[in-house]
Amino acid sequence: MLREEISQALKSSMKAKKPKCVSTLRLILAAIKDRDIAARTGGSDSAGISDVEIMKVLQTMVKQRQESIKMYDQGGRPELAQQEADEIVIIQEFLPQQLSEDEIAAIINSTVDELGGESLKDMGRMMAHLREHHGGSMDFGKASTVLKQRLGGA
């Protein structure tokens, strides 16, 4: 259904003559199509990737743009950094609201208590549980750091 939502947004952006929105939405659809092709060549016979996979594509696109912003800022190119920031806003319209660091910490604490995590050996099991239950709304880079601290790691 997310694929349909993005396609509809593209159509309405074209009608409203919003070139930034149109180009960003086309980039999103191209990335999804690339992932569809990769899934088909990987042996999957499905018609396309799932909404969960589409969310992963969108999250990857956001991370790439955040890295680009840092590089453009370091290189003294604020206009290009702003263009990337504008694209992030458009991409995030299709992602669920991201959890704050406090919310991530609370979820991790309850997950560790619920599943009985005691050491870093339990980290894989804990991360799998978090990905299953909070797939599109959690930044797993932050979650991994918080979980390591909670389990007694660095």
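Please treat every number below as a calculation from the coordinates, not as lab data. A quick note: this is a predicted structure, and the numbers were derived from the prediction, not measured. Neighbour counts run over all protein chains shown; Cβ positions are idealised from the backbone, glycine included.
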First obtain the Kirkwood hydrodynamic radius of region 101-150 from its Cα pairs, then insert it into the Stokes-Einstein equation at 25 °C and 0.890 mPa s, and state the resulting D in µm² per second as a whole number.
233 µm²/s
Using 0.36 nm per residue, how much length does the chain from Ser50 to Met14 gain when fully extended, once their Cα-Cα distance is taken away?
10.4 nm
For region 15-120, what does the relative contact order come out to in percent, with C-alpha contacts under 8 Å and a separation of six or more?
26 percent
Choice from Gly48, Gly136, Gly124 showing the highest fluctuation, given a GNM over the chain with Cα pairs closer than 10 Å
Gly124
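Do any of Lys18/Lys70; Lys17/Lys56; Lys33/Lys63; Lys11/Lys63 go past 21 Å between their Cα atoms, and which?
Where the Cα-Cα span goes over 21 Å, the pairs concerned are Lys18/Lys70; Lys17/Lys56; Lys11/Lys63.
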Which entry in (1) 17.6; (2) 16.5; (3) 20.4 is this structure's computed Kirkwood radius over Cα pairs in Å?
(1)
Rg (Å, one decimal) plus Dmax (Å, integer) for the alpha carbons of region 75-119?
17.7, 49
For region 2-92, just list the percent of Cα-Cα distances falling in each 5 Å bin from zero outward, please.
3, 14, 21, 21, 17, 13, 8, 3, 1, 0
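Can you tell me the dipole magnitude for the chain around its Cα centre, using point charges on the Cβ only (Lys, Arg +1; Asp, Glu -1), in Debye to the nearest 20?
My answer is approximately 640 debye.
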Relative contact order of region 101-150, pairs being alpha-carbon contacts under 8 Å that are 6 or more residues apart, as %
50 percent
Could you work out the helix-only [θ] at 222 nm for the chain, with each DSSP H run of four or more residues adding -39,500 (n - 2.57) and the total divided by the number of residues, to the nearest 500 deg cm²/dmol?
-24500 deg cm²/dmol
